[in-house]
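The values are calculated or read from the model by the stated rules, or taken from the named source; none is laboratory data. Everything numeric here is computed off the predicted structure, so don't read it as measured data. Ideal geometry is used to build each Cβ from the backbone, glycine not excepted, and the neighbour counts take in all protein chains shown.
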Amino acid sequence: MKKSKAIAKYCKECCGDSHKEVTLCHLIDCPLWEFRFGNSASNKEFWERMKRAKSYKNDYPKMVEALRDHIQSPDFTLSRGRYEYLCSKIEVEMKIGLGRLKCLK
Ligand code: SF4
């Protein structure tokens, strides 16, 4: 099995075999987060699927709120890995304000 497929399979198992829950995963600091769809955040298909999360009318706003809370929590640091890149991409592609300045203070 290719690594990308193995990661997508692992993420699906992590989310109780739910395609929807994988899409709505807000744990951006999980090392698999940007690979959870079987591609990467450098791939435009990744962002197309992220945008499709908006069709989950009740759960999408909750995911955005959980993502903001997570990023602004004291334990989250933007200096780790690619999170600065990922946060910037989320803000641009998803048009979500993450309030990142707060956690840089
Ligand atoms: S990114 Fe991490 S937390 Fe999210 S579904 Fe995959 S393994 Fe689970």
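Scan segment 24-69 for residues that are within 11 Å of the ligand (Cβ to nearest atom), under 19 Å from Gly97 (Cα atoms) and out of contact with any Leu (no Cβ under 7 Å at 6 or more places or on another chain) and jot them down.
Hits for segment 24-69 are Leu24, Cys25, Leu27, Asp29.
Here are some residues: Gly99, Gly81. Which one is modelled with pLDDT under 75 and on the phi > 0 side of the Ramachandran plot? Walk me through it before giving the result.
Values: Gly99 fails: modelled with pLDDT under 75.
From the options Gly99, Gly81, the qualifying one is Gly81.
Between a first residue in segment 1-13 that is closer than 14 Å to Glu34 by Cα and touching a residue at least 24 places away in the same chain (Cβ under 8 Å) and a second residue that is of a type in the set (Phe, Trp, Tyr) and near the ligand (Cβ under 10 Å from one of its atoms), which pairs have beta carbons less than 6 Å apart while being 6 or more apart in sequence or on different chains?
Note: pairs meeting the criteria are Ile7/Phe35.
Okay, residues lined up against (1) at pLDDT below 90; (2) surrounded by 14 or more Cβ atoms within 10 Å (Cβ to Cβ):
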{"site": "Asp17", "(1), (2)": "no, no"}
{"site": "Thr23", "(1), (2)": "no, yes"}
{"site": "Glu34", "(1), (2)": "no, yes"}
{"site": "Lys44", "(1), (2)": "no, no"}
{"site": "His70", "(1), (2)": "yes, yes"}
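On the basis of being part of a helix (DSSP H, G or I), at negative phi and either away from the ligand (no atom under 15 Å from the Cβ) or surrounded by fewer than 16 Cβ atoms within 10 Å (Cβ to Cβ) (or both), does Lys12 make the cut? Give the derivation first.
Numbers: part of a helix (DSSP H, G or I): yes; at negative phi: yes; either away from the ligand (no atom under 15 Å from the Cβ) or surrounded by fewer than 16 Cβ atoms within 10 Å (Cβ to Cβ) (or both): no.
Taking the combined requirement at face value, the residue does not satisfy it.
What do you reckon, is Ser55 more than 20 Å from Ala8 (Cα to Cα), surrounded by fewer than 14 Cβ atoms within 10 Å (Cβ to Cβ), modelled with pLDDT of 95 or more and among the hydroxyl-bearing types (Ser, Thr, Tyr)?
Values: more than 20 Å from Ala8 (Cα to Cα): yes; surrounded by fewer than 14 Cβ atoms within 10 Å (Cβ to Cβ): yes; modelled with pLDDT of 95 or more: yes; among the hydroxyl-bearing types (Ser, Thr, Tyr): yes.
Yes, satisfied.
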